[in-house]
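First comes the structure, then the notes that go with it.
The values are calculated or read from the model by the stated rules, or taken from the named source; none is laboratory data. Not measured: the values here are computed from a predicted model. Heads up, the Cβs are rebuilt from the backbone with ideal geometry, glycines too, and the neighbour counts pull from every protein chain shown.
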């Protein structure tokens, strides 16, 4: 597993990390045994960056990660654990954004993870006006001074929010949606983030699985899977599911790019390799429901870069075939 520098810090993180939303249960049922096996496989393959959130399964994801560290006797200083706060139902918006609530949510995450200090905490897709007001960043700095967090960042929905956050002193990272179907950050964010030394964490690299090329129009998802209950933005931002594309259109577009994959790569590997070819990216955090998916995701780190011609082809495909169909804030 290759590693990259995490923004302006000296920390090195695996360029392929692990997103653990699925362990929380919003990708269909994943048992505790399966979840622990996924975490074990990731560590064995050299993954040292793990992204979670306090609302993933109402703390289930963090609890399972904490259990894994205890049972495996892994050293916490050998991994980088990032979590998020701000979307808890208790006390809920807007009370979540007070210092008292943020401190309580941070302490709860620390307890579930079984650690004393968070490597990174991120504001979890909070309202734009809260970011504009700026008090939440002052609270994060207080938590940093108290030793509860080492760094802070923001998980954002739009490039506009990302650029707004870049103005904040001490910002360590931005987590963004970026994939072959969501290319706007290339032109509007990457250079600015690099200039500020801010790490970019890429979520939804496979557009909720669309870019694996395995779905058909008839593919069904479990009732508790966000790909069922949020495919049109019924529960939260539509961009978090299928990159904001209507499912049937997304399947059509994914089928169209399958033939572009190099002979030695699956469509999913091409999609991950495409992201890793951008040096502004610090780490990409695909999820995994089983060990086979972990191994497939991690393999992208060892694949050769895509050709310039293929990059140009995928850029043109996005502009001409994809961009007009993206829904939601972007």
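Checked against (1) more than 21 Å from residue 326 (Cα to Cα); (2) exposed (fewer than 15 other Cβ atoms within 10 Å of the Cβ); (3) modelled with pLDDT of 95 or more, residue 219 meets all criteria but (1). Of all the criteria given as (1) surrounded by 24 or more Cβ atoms within 10 Å (Cβ to Cβ); (2) out of contact with any strand residue (DSSP E or B) (no Cβ under 8 Å at 6 or more places or on another chain); (3) outside any loop (DSSP other than H, G, I, E, B), the one not satisfied by residue 208 is (3).
Name the residues in region 51-70 that are more than 18 Å from residue 89 (Cα to Cα) and at pLDDT below 95, would you?
64, 65, 66, 67, 68, 69, 70, listed by residue number.
Only a single criterion out of (1) under 19 Å from residue 87 (Cα atoms); (2) out of contact with any helix residue (DSSP H, G or I) (no Cβ under 6 Å at 6 or more places or on another chain) is not satisfied by residue 150, namely (1). Residue 250 meets all of the listed conditions (1) surrounded by fewer than 21 Cβ atoms within 10 Å (Cβ to Cβ); (2) at pLDDT 95 or above but one, namely (1). Under 9 Å between Cβ atoms, at least 6 apart or on separate chains: pull out the pairs that start in region 1-21 with a residue that is on the phi > 0 side of the Ramachandran plot and buried (at least 18 other Cβ atoms within 10 Å of the Cβ) and end on any residue that is assigned to a helix (DSSP H, G or I) and modelled with pLDDT of 95 or more. From region 1-21, the pairs are 7/193; 7/196. Take the conditions (1) without any contact (Cβ under 8 Å) to a residue 40 or more places away in the chain; (2) out of contact with any strand residue (DSSP E or B) (no Cβ under 6 Å at 6 or more places or on another chain); residue 162 misses just one of them, which is (2). Among the residues making up region 221-239, those that are in a helix (DSSP H, G or I) and in contact (Cβ under 8 Å) with a residue 24 or more places away in the chain are 226, 227, 238, 239. Of 304, 262, all but one fail to be modelled with pLDDT of 95 or more and either in a helix (DSSP H, G or I) or within 20 Å of residue 14 (Cβ to Cβ) (or both); the exception is 304. Picking from residues in region 153-200 that are within 30 Å of residue 255 (Cα to Cα) and more than 16 Å from the chain's Cα centre (by Cα), the one that is surrounded by the fewest Cβ atoms within 10 Å (Cβ to Cβ) is 187. Could you grab the pairs with beta carbons closer than 6 Å, sequence gap of 6+ or different chains, first residue in region 53-64 and more than 16 Å from residue 287 (Cα to Cα), second one modelled with pLDDT of 90 or more and not in a loop (DSSP other than H, G, I, E, B)? From residues that are more than 16 Å from residue 287 (Cα to Cα), the pairs are 54/85; 54/105; 54/109; 59/112; 63/112. Filtering region 141-152 to residues that are surrounded by 18 or more Cβ atoms within 10 Å (Cβ to Cβ) and either without any contact (Cβ under 8 Å) to a residue 24 or more places away in the chain or within 18 Å of the chain's Cα centre (by Cα) (or both) leaves 151, 152.
Could we say that residue 38 is modelled with pLDDT under 85 and within 22 Å of residue 155 (Cβ to Cβ) here?
In short, no.
Would you point out which residue out of 289, 273 is crowded, with 16+ Cβ neighbours inside 10 Å, modelled with pLDDT under 95 and either within 22 Å of the chain's Cα centre (by Cα) or part of a helix (DSSP H, G or I) (or both)?
Exactly one residue qualifies, and that residue is 289.
Residues of region 90-136 that are touching a helix residue (DSSP H, G or I) at 6+ places or on another chain (Cβ under 8 Å), part of a helix (DSSP H, G or I) and crowded, with 18+ Cβ neighbours inside 10 Å: 96, 97, 101, 102, 105, 106, 109, 112, 113, 131, 136.
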